[in-house]
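We did not get these values from a lab; they are worked out from the coordinates using the rules stated. Note that the structure is a prediction, hence the values are computed from the model and not measured. Note that each Cβ is placed from the backbone with ideal geometry, even for glycine, and that neighbours are counted across all protein chains shown.
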Amino acid sequence: MWGTLQQKYPKAFALTDSLSYALLLLLSFLVTLPYYPYMAGSEVAGVLYGAIAGVFLLLFIFSQLGQQLFSSRVINVCWILLGLVVLSGMIVYAVFGNTEMNAEVRSILIPLCALMVGWQMKMDENRLIGLVLVFTMGIIVAGVSLIFLQGSGFSISETYFADQKNAVGPMMATAAVLNAGMALGASGKRKVFLMIFGLSLALFCVLMILTIRARAALLAVVVVMALMLFQRYKNKYLLLSFWGAILLVVAVFLLLPHSIKQYVYQSLFAGFSGDITSGRGVRNMQALQVLVENPLMGQLLNARELGIVHNYPLMQLLDYGLLMAAPLMALYFYLLFVDIKAIATKGITVMRNVGFYAMLVIFVASMFEYSFPYGPGTTTVLNFIFFGIAMKHVEPGKETASSFENGNEQEG
């Protein structure tokens, strides 16, 4: 039916496609606004979150018009697993009177809808570049505002920024990875310009991460960008390339000015007199001990006052045990498996594949934060949208060989 309508009313569907992209650009900017200084708790924040929800809903509706809604095997599996999470939550509530898993379901719904949006969007290289730049400009303005209004400019303070650094840090890391992907995967006559421009924006995002001292985000961006470089430039002399890359990194570090090395060192270690993990390592060990004692039910039978465990898989297993947390873990590791497999097979040969690396950023962050990879809020919406865009071209039965929608990009 949709195919017939598309043939009969091509202009209407073309307009829908343009509206979807315009809404996506607007959303990519709006999701950065909650992290402006003094936004949290203000009256404007409520209006802003309402606007973000409205734009996202319209984007979801427009992006699905005229599309095959159940054409993605990965998305279908995700929805099935989410259904099992709902069932597990119902059992937990019926047996233990615990309603906390409802929050987990809500936190997963938005990313899965974002994944569907990315899957259905028609994107070429120009559109991707525009999307990356709008999101990057938004997060740079938000980051610079935080640094100068809540901090003392680009200098390292021994006191931390507000708690929002744990959310805005991974967004900065995502922007850095997206721009690195633009630099490594762009094609055509603009390739050299985009390489210089993209790497410059990526490095500036890393500078912001260092300044706000978001260490989990810094680790994520270092790991993911190193993987991107390895995937892009690996060849048959794999061992030689590996050691050559290590020697190059060491040489560059030794040649850096002392002021830059000192800036990085202070970002990582300034103000610490004891536990560099700020107590997270101790809590994680305590959580593991409780889980060993009660592996099947975790804290459902005997809750402990351990504080927040900053590791998503460990926290879910601790709260619900191996038995009730099984659907949550299945969804988490299924998405991680799909992502890693795509990175291993596709690399960063074309720009659209940057979505796989953007997704990996929030999985790395989930090792050090309890709400990632799904949130908090709309923090990870762009990661899932870019992941959907990339995934569309690698699933069995889908176009994988050579091109963006307009045929202007070749796999290399």
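Among residues other than residue 375 with Cβ under 13 Å from its Cβ, the summed charge is -1 (Lys and Arg +1, Asp and Glu -1). Projected onto planes of every orientation and averaged, the convex hull of the alpha-carbon atoms in the range 78-181 covers 9.9 nm².
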